[in-house]
Each structure stands twice: as structure tokens, then as C-alpha cells.
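FYI, it's all coordinate maths here, none of it is from the lab. Everything numeric here is computed off the predicted structure, so don't read it as measured data.
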Amino acid sequence: ADTVQVSLVPTTETVAPGETVTVDIALDAGTAAVYAAQASVEDNGVSVNVSQGNYLTADGASSFVTAERANDSLGRVDYGESRIGPLPTTGAGTLATLTVTIPTDVTISTVTLTLTDVVVVDETATPVAVILVDTSLAVES
């Protein structure tokens, strides 16, 4: 069966207090058909925003965003997007980009970003198996 790898990229990085870094929600579907995807990312105390990537539209197709919200008090970002039209896409690309701001008064030595509630479906709305790769950001003291 086909499997889609959903990764937070980069998987590791060193950051400084007050720094803002970008982390992509990347999909690598290989030959698997992808029509829509949703993913949530949980964090442990940073400010995160989310914006649309170009994975589902890179071939010229249209799409609509079904969820694009960040809740810093819950430490969670939700993103979902679906193609418009009959055909799925394949291959690799960026589903969405997270903008992560490290607090200047950060008290943790590692910021963890964890993928959760990830669902990838094909054009028949059948879920495709996923492999998840999370990220951690080491905070300089």
C-alpha cells in the first residue's frame, strides 16, 4: 500500500530567544494519490502562525483551505486543504508553513513541535497511510 510521509522540516534546529523561524509541514507522497490533507501541530509554549503552502496547487489546480488557525493558549495549530476538481496529485511539496516565534523570556531548553490528527486522503476520500516526522528546536541559553 502507498504511504505518505508527513514531516516537519527542518527536523532539528538551534534557535535563540526572541528568534522567529519557519518550519514546513512537508508531504512526500511518492506515487500515492493525494487529494486533501489535514494536520495539527502541538507545541510546548511558543507562538505559532500557519500559512498555506503550494503542494496541492503546484500543478495549477485550485484548492480551498478547510482550516487555518493557530491557538497559542492551547499550543496548537490546525491546517487543512483540499483540491478542487477530479484529479489528485502526487510527489513532494509543502502543505503549509509554520512561523514559530521563540519567546524572549523562554524557560525551556527544547521547543517540540508534534504532528497530530494527520489525515491524508485520495480522490475517493479514502485515507492513505501516513508516517509522521516531528521536529525539535534547541534553544540557546
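Taking only the C-alpha atoms of the stretch 41-122, Rg followed by Dmax gives 14.8, 49 Å. Just so you know, the Rg over Rh for the chain is 1.00, from Cα atoms, with Rh as the Kirkwood radius.
Karplus-based coupling profile of the stretch 19-26, in residue order and whole Hz: 7, 10, 10, 10, 10, 8, 8, 9, with θ = phi - 60° in 6.51 cos²θ - 1.76 cosθ + 1.60 and x standing for Gly or Pro. Taking the alpha-carbon centroid of each part, what is the distance from the stretch 112-127 to the stretch 74-91 in angstrom? Comparing the Cα centres of the stretch 112-127 and the stretch 74-91, I get a distance of 8 Å.
Computed 3J(HN,Hα) for the stretch 112-129, one whole-Hz value per residue from the Karplus formula 6.51 cos²θ - 1.76 cosθ + 1.60 where θ = phi - 60°, is 9, 10, 10, 6, 8, 6, 8, 9, 10, 10, 8, 5, 9, 6, 8, x, 9, 4, glycine and proline marked x. If you wrap the stretch 77-141 in the convex hull of its Cα atoms and look at it from every side, the mean projected area works out to 5.9 nm². Note: the stretch 1-64, Cα convex hull, 123 Å³ per residue.
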